[in-house]
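The values are calculated or read from the model by the stated rules, or taken from the named source; none is laboratory data. All figures in this text were calculated on a predicted structure; none of them were measured in a lab. A quick note on method: Cβ atoms are made from the backbone with ideal geometry, for glycine too, and the neighbour counts reach across all protein chains shown.
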Amino acid sequence: MSGFINKLYLLILSLLAALSISCSGGNKGPSFSYIINSTQSYRSNDLIDNFPASELYFRLDSQSRCITINIVAQEHEVLGTTSLSKIFFIVERELDISLFPGRNESTFIELGRNFDNNWEHSPSVRICTITTNPVHKVEPDILYRIRFTNFDRRDTKMKVTILGNSRVRFLRQ
């Protein structure tokens, strides 16, 4: 019975993600997906709520006003029980701060996350350019980073999907 409930939960999450993507408007382009295992991905130096996080980088090839990012965990079986994980993630973009005195580096700034301060989870997040904010832009050739965790040390296979008006290049940094 537990396996059925988990499969139903995955189906509902997938449908909600698809619905949020299709109803969001502005994202009429193709989607690009990347399959990643949590134990094989790069570990981030930046934690999420003091828990180890993994990271995945990407770039856009052309201008896109908005992008929608969705990460769905695939089921895994432990001791005969199928379980699903909620994936919590933060989307960031690289910001060159070398223009400031005494700085010769870049940093990442948050553009969005799929959870709120009470850890309420959403299957996807939509990031759009804010024309009045010079750093909150969705632009081509900028390095973007997704930091993610499921607060579980077991290996989890995940599917990362990015939908927008631009081709997406996933990178291994």
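Things worth noting here:
- Just one of (1) at pLDDT 50 or above; (2) out of contact with any Lys or Arg (no Cβ under 7 Å at 6 or more places or on another chain); (3) within 25 Å of residue 94 (Cβ to Cβ) fails for residue 27. It is (1).
- Selection count, segment 63-114, where residues are within 18 Å of residue 149 (Cα to Cα), of a type outside the set (A, V, I, L, M) and modelled with pLDDT under 90: 6
- Residues (over 19 Å from residue 159 (Cβ atoms) and touching a Lys or Arg at 6+ places or on another chain (Cβ under 6 Å)) located in segment 53-65: 59, 61
- Some residue of segment 143-157 being free of Cβ contacts under 8 Å to residues at least 60 places away in the same chain and closer than 27 Å to residue 64 by Cβ: no
- Within segment 122-142, the set of residues being in contact with a strand residue (DSSP E or B) (Cβ under 8 Å, 6 or more places away or on another chain), at negative phi and exposed (fewer than 12 other Cβ atoms within 10 Å of the Cβ) comprises 135 only.
- Taking segment 81-105 as the range and being in a strand (DSSP E or B) and touching a residue at least 24 places away in the same chain (Cβ under 8 Å) as the test, the residues that pass are 81, 82, 83, 88, 89, 90, 91, 92, 93, 94, 95.
- Subset of segment 106-117 [more than 22 Å from residue 72 (Cβ to Cβ) and surrounded by fewer than 16 Cβ atoms within 10 Å (Cβ to Cβ)]: 106, 107, 109, 117
- Selection from segment 132-167 of residues that are outside any loop (DSSP other than H, G, I, E, B) and within 27 Å of residue 51 (Cβ to Cβ): 144, 145, 146, 147, 148, 149, 157, 158, 159, 160, 161, 162
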